[in-house]
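Peer 1: Below is a structure I'd like to ask you about.
All of the numbers you see were taken from the coordinates with simple rules; none came from a lab. The model shown is predicted, which means the values in this text are computed figures rather than measured ones. Note that each Cβ is placed from the backbone with ideal geometry, even for glycine, and that neighbours are counted across all protein chains shown.
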């Protein structure tokens, strides 16, 4: 068992990591970038161990994937058992119970007490693509409305939904059509104090005048935007959007790929404002690190698609399904919603104190164990420099934001309290070094 403590045996990155990075440069397409070129050989809980023996504190969770911690015991046991049984059949050829069990869990856990159906896929982008397919098929309409600062994936359709050009969209077009963009109620960057009201008015005007209500199949939104900078919409905005869509026969797709599965202190971030989406996409934290994604929605909507219209060779792979069931069991047994709230109770005061200390920090925001600081200055210089200082000291942190000026924090929900505090101490020192 890896001891849950930070250990630095070499500089970061160390010599063996540098050797592997030279091999990566020679063998891997350069478009597959690397945030921190330390090469991991094992990871447990909140610690990642690299090939040089350094033990780094993890405030990234593989971008909110290993919420139950790396190598979570229930997940490991379930995966080992399933590998011994069988590794693949393709659910569309000869099905198996774990797929059904995951669908049942998703139907029960996601917001709303209506009858639901689920379909399983491999990645978040694939889930979003299929949610759009389902919405268009059910409604007979084509237009999809997405928001400024949104991120929904890197496939052609999801790049069209994603707002940021570099690095996600640059020179990859042309993109899928009938995608329309509307303003997000982004309190820190909105030019007045009436953010929710003005953003809602802009949204309804755009859909009514520019898109056409009768042409709009769905509105897709992240309850807290992820790659866009952990933007928490102004209170009340999403509820008004949801109600407005419902009264006009427009489906609401909630992209909970980064926010779902206890990350924000609830099973799903929609719950915070009582929003019940028609379709919800999930991935990342669902399966403890194995590739799995899903679309869950109203039975009437999901049942509209003909047999064979949804699927994929690997979607709902039995090993990933076993991992998902074990991850969900872990979330329940260890009250990881409560753990996320406890993480916020520790982290938020420290982040607020840093904001009070440094004028360069413009905003602190987020919910649960999905927190961020945004630097007032647009541009990635400060966020990149602070992240690099954290990395050198053995703390994995990530950047984000439309302007590249956001530091985001996604610690595993099982992180040791002492590790969490030590990571915050490192962040404090990194800020002092850079700012």
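Peer 1: Would you mind computing Rg(Cα) / (2.2 N^0.38 Å) for region 163-246, counting N as its residues?
Peer 2: Dividing the Cα Rg of region 163-246 by 2.2 N^0.38 Å gives 1.16.
Peer 1: Given the C-alpha centroids of region 302-341 and region 73-147, what is the distance between them in whole angstrom?
Peer 2: A separation of 6 Å, based on Cα centres.
Peer 1: Given contacts defined as C-alpha pairs under 8 Å and at least six residues apart, what's the relative contact order of region 169-315, whole-number percent?
Peer 2: Result for region 169-315 is 17 percent.
Peer 1: List the equivalent ellipsoid semi-axes of the chain in whole Å, largest first, each obtained as the square root of 5λ for an eigenvalue λ of the Cα gyration tensor. Let's see the in-between values first.
Peer 2: On the way: eigenvalues 218, 155, 79 Å².
Equivalent-ellipsoid dimensions as semi-axes: 33, 28, 20 Å.
Peer 1: Mind giving me the FRET efficiency for residue 435 and residue 206? R0 is 41 Å, r the Cβ-Cβ distance, nearest 0.05 is fine.
Peer 2: Working from the Cβ atoms, E equals 0.60.
Peer 1: Return the calculated 222 nm mean residue ellipticity for the chain, to the nearest 500 deg cm²/dmol, obtained by summing -39500 (n - 2.57) across DSSP H runs with n ≥ 4 and dividing by the residue count.
Peer 2: The helix contribution divided over the chain gives -11500 deg cm²/dmol.
Peer 1: Figure the gain on full extension for residue 425 and residue 101 (residue separation times 0.36 nm, minus the Cα-Cα span) and round it to one decimal in nm.
Peer 2: Details: separation 324, 0.36 × 324 = 116.64 nm, distance 4.21 nm.
So the chain would gain 112.4 nm between residue 425 and residue 101.
Peer 1: Next question. How many Å³ per residue does the convex hull of the Cα positions in region 1-148 occupy?
Peer 2: 214
Peer 1: Pairs of Cα atoms under 8 Å, at least six residues apart: use those to get the relative contact order of the chain, whole percent.
Peer 2: 23
Peer 1: Does region 1-46 classify as rounded, prolate or oblate by the C-alpha gyration tensor (a ≥ b ≥ c root eigenvalues; a/c under 1.5 gives rounded; else a/b over b/c gives prolate, otherwise oblate)?
Peer 2: prolate
Peer 1: Something else: Using only alpha carbon pairs under 8 Å that are at least six residues apart, calculate the relative contact order of region 74-333 and give it in whole percent. List each step's numbers first, then the result.
Peer 2: Details: 505 pairs, mean separation 81.5, N = 260.
Computed value for region 74-333: 31 percent relative contact order.
Peer 1: Which shape class applies to region 181-312: rounded if a/c is under 1.5, otherwise prolate when a/b exceeds b/c and oblate if not, where a ≥ b ≥ c are the square roots of the Cα gyration tensor eigenvalues?
Peer 2: Judged from the Cα gyration tensor, region 181-312 comes out oblate (a/c at least 1.5, b/c at or above a/b).
Peer 1: How much length is gained on full extension from residue 32 to residue 180, taking 0.36 nm per residue of separation minus their Cα-Cα distance?
Peer 2: 50.4 nm
Peer 1: Hey, what's the Kirkwood Rh for region 74-333 if you take every pair of different alpha carbons, in angstrom?
Peer 2: The Cα-based Kirkwood calculation yields 18.7 Å.
Peer 1: Most exposed first by the Cβ proxy, i.e. fewest other Cβ within 10 Å, how do 300, 139 rank?
Peer 2: 300, 139
Peer 1: Here's something else I'd like to know. Which of rounded, prolate or oblate describes region 310-435 when judged by the alpha-carbon gyration tensor and an a/c cut-off of 1.5?
Peer 2: Because a/c hits 1.5 or more and a/b exceeds b/c, region 310-435 counts as prolate.
Peer 1: Residue separation times 0.36 nm, minus the C-alpha to C-alpha distance between residue 172 and residue 90: what's the value?
Peer 2: Length difference between fully extended and current span is 26.4 nm.
Peer 1: Something else about it: Compute the FRET efficiency between residue 357 and residue 392 as 1/(1 + (r/R0)^6), taking r as their Cβ-Cβ distance and R0 = 30 Å, and round to the nearest 0.05.
Peer 2: Values: r = 21 Å, r/R0 = 0.70.
With R0 = 30 Å, the Cβ-Cβ based efficiency is 0.90.
Peer 1: Can you give the alpha-carbon Rg of region 253-379 over 2.2 N^0.38 Å, where N counts its residues?
Peer 2: That works out to 1.30 for region 253-379.
Peer 1: With every atom except the alpha carbons ignored, what do you get for Rg and Dmax of region 240-311, in angstroms?
Peer 2: Every Cα atom of region 240-311 included, Rg and Dmax give 13.5, 39 Å.
Peer 1: What nm distance separates the two modelled labels at residue 133 and residue 165, each placed 7 Å from Cα along Cα→Cβ?
Peer 2: About 3.1 nm separates the two model spin labels.
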